[in-house]
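To start, the structure itself, in structure tokens.
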Amino acid sequence: MATLLRSKLSNVATSVSNKSQAKMSGMFARMGFQAATDEEAVGFAHCDDLDMEHRQGLQMDILKSDSGEEGAEPPLEGDIHYQRDGTGPPPPSAAKEADGCPELSGQGKPKITAWEAGWNVTNAIQGMFVLGLPYAILHGGYLGLFLIIFAAVVCCYTGKILIACLYEENEDGEIVRVRDSYVDIANACCAPRFPTLGGRIVNVAQIIELVMTCILYVVVSGNLMYNSFPNLPVSQKSWSIIATAVLLPCAFLKNLKAVSKFSLLCTLAHFVINILVIAYCLSRARDWAWDKVKFYIDVKKFPISIGIIVFSYTSQIFLPSLEGNMQNPKEFHCMMNWTHIAACILKGLFALVAYLTWADETKEVITDNLPSTIRAVVNIFLVAKALLSYPLPFFAAVEVLERSLFQDGNRAFFPNCYGGDGRLKSWGLTLRCALVVFTLLMAIYVPHFALLMGLTGSLTGAGLCFLLPSLFHLKLLWRKLLWHHVFFDVAIFVIGGICSVSGFIHSLEGLIEAFRTNAED
């Protein structure tokens, strides 16, 4: 009887501990230790590094205990440790006992609706890089417009098949999610011979894309300021240096909560600017040069346009994390459809009307074609948008680099860049500053927005959006695929490979020539 009584009391104590733990976690989450849903909506679109845990500055995790050590006390479910890295698994009872704390459902991660997920995707594929699309029409004509539609269809399809690779059928015939990220899918394809090779390839591609995105923000900031105030004795390189000086505090970032709020406002402002540009173009509809839109292409420069268009649609890298945090993952396909249809229509109209307005005088950044009376105001808003967007990809790149090179346990290449108290060591801070300076040097020596955008789109954009999803889909699910799925995957892989290689070669040639020219000057 006494044993039974002690057992019941132990169960009650455990239940109370679990509930208090869940309520404590919910309280800290609402105080800001975890990003709120609306703040995550911006973070997803720019700085997701294949797993939601990598993005947050502070996270709540259960402190791991060494259960194999003799004499060690069993871990208490109430013990909570707040640490920077998401190394501790959540308790199995946390989701079940989170009474009154719905934000803790789904292993402590806040869920988002399909509309919020759609906003994330729209924010990713409707960013300020659409300013380079009219330049793509300049060298591609109607084929450039077709490519905008084709890229939307393909990216929507590859996004869906990438998510399909996260799921497998269990013994009961149920479809369950067995993977969580792009890295997990890549590692599964390379297992068992090379269980980590695929993940490393994806991480390298992601780091390149994120760093190149940071470089593009510096380039576009210098370009816009120089063209806004051409009478000032300040060169484009000097404006880039000024922009980098403003961005240097990014090296001290611990989380992105404050930046996310500003980024959301700047994204809304960017949509307003796009509408203003379109309105100005419509006001000059009588002078549109329809005869300038041709069916022929510039063989040397059109491959660069392919990279520009592909880069404007890149969103696959964060889709697994996004889908995993949706309240209803079944709505993912519908969300992908309407976001890419809307992006296709808006990008096509924006690129076409802008090119019709300025024709052969279309510049790499279309706002540079605006009259001087409104160009300065519009460009200043765009520069503010670029500077406030820079921390998002920068922080994501830093997180991936730190986790891969300095915090990967026994597989880390270098010592941990964080001390025992969780603070960043001085040499780790120096490396962050060096990354900011590297983006400046690249922007100074290769200040060509279209070439850099085309190179990035041809290299990492085509790889992450076209090649790898179709390859992974064939590798993991080929036994269950219908013939038309196999045909689509093979066709996308072949076409994407040809476009990637062609665009990369031409973009690289242009960058080398530009680098030589700048070196001579």
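The values are calculated or read from the model by the stated rules, or taken from the named source; none is laboratory data. Computed from a predicted model, the values in this text were never measured in an experiment. As a convention, Cβ positions derive from the backbone with ideal geometry for all residues, glycine included, and neighbour counts pool all protein chains shown. In case anyone asks, the SASA skips ligands and DNA or RNA and just uses the protein heavy atoms, side chains included. Shrake-Rupley method; radii C 1.70, N 1.55, O 1.52, S 1.80 Å.
Annotations
- Segment Leu441-Arg479, extension gain: residue separation times 0.36 nm, minus the distance between their alpha carbons: 8.8 nm
- The relative contact order of segment 131-520 comes to 33 percent, based on Cα pairs under 8 Å that sit 6 or more residues apart.
- Charge context of Phe332, other residues only, Cβ under 11 angstrom, K/R +1, D/E -1: 0
- Sorting Thr339, Thr517 on solvent-accessible area from highest to lowest, probe radius 1.4 Å, gives Thr517, Thr339.
- Cα gyration tensor, segment 131-520 - rounded (a/c under 1.5), prolate or oblate: oblate
- Estimated FRET transfer efficiency (Gln327, Phe194; beta-carbon r; R0 56 Å; 0.05): 0.95
- With the whole protein complex present, Asp184 retains an accessible surface near 60 Å², based on a 1.4 Å probe.
- Karplus-based coupling profile of segment 233-244, in residue order and whole Hz: x, 10, 7, 5, 4, 5, 5, 5, 5, 4, 4, 5, with θ = phi - 60° in 6.51 cos²θ - 1.76 cosθ + 1.60 and x standing for Gly or Pro.
- Listed residue pairs exceeding 22 Å between alpha carbons, taken from Lys160/Lys294; Lys160/Lys254; Lys301/Lys347: Lys160/Lys294; Lys160/Lys254
- Label-to-label distance, nm, for residues given as Glu361 and Leu405 (7 Å Cα→Cβ offset): 4.6
- The label-point distance for Asp180 and Glu513, in a model that sets each label 7 Å from Cα toward Cβ, rounds to 4.8 nm.
- Mean Cβ count within 10 Å, highest first, over the residues of peptides 477-483, 445-451, 351-357: 351-357, 445-451, 477-483
- When the listed pairs Lys292/Lys385; Lys111/Lys475; Lys330/Lys385; Lys330/Lys480 are checked against a 25 Å cut-off, the alpha-carbon distance exceeds it for Lys292/Lys385; Lys111/Lys475; Lys330/Lys385.
- Length available on full extension from Ile380 to Ile275: 0.36 nm per residue minus the Cα-Cα distance, which gives 36.2 nm.
- With protein chains left intact and a 1.4 Å probe, residues in segment 131-520 average 46 Å² of accessible area per residue.
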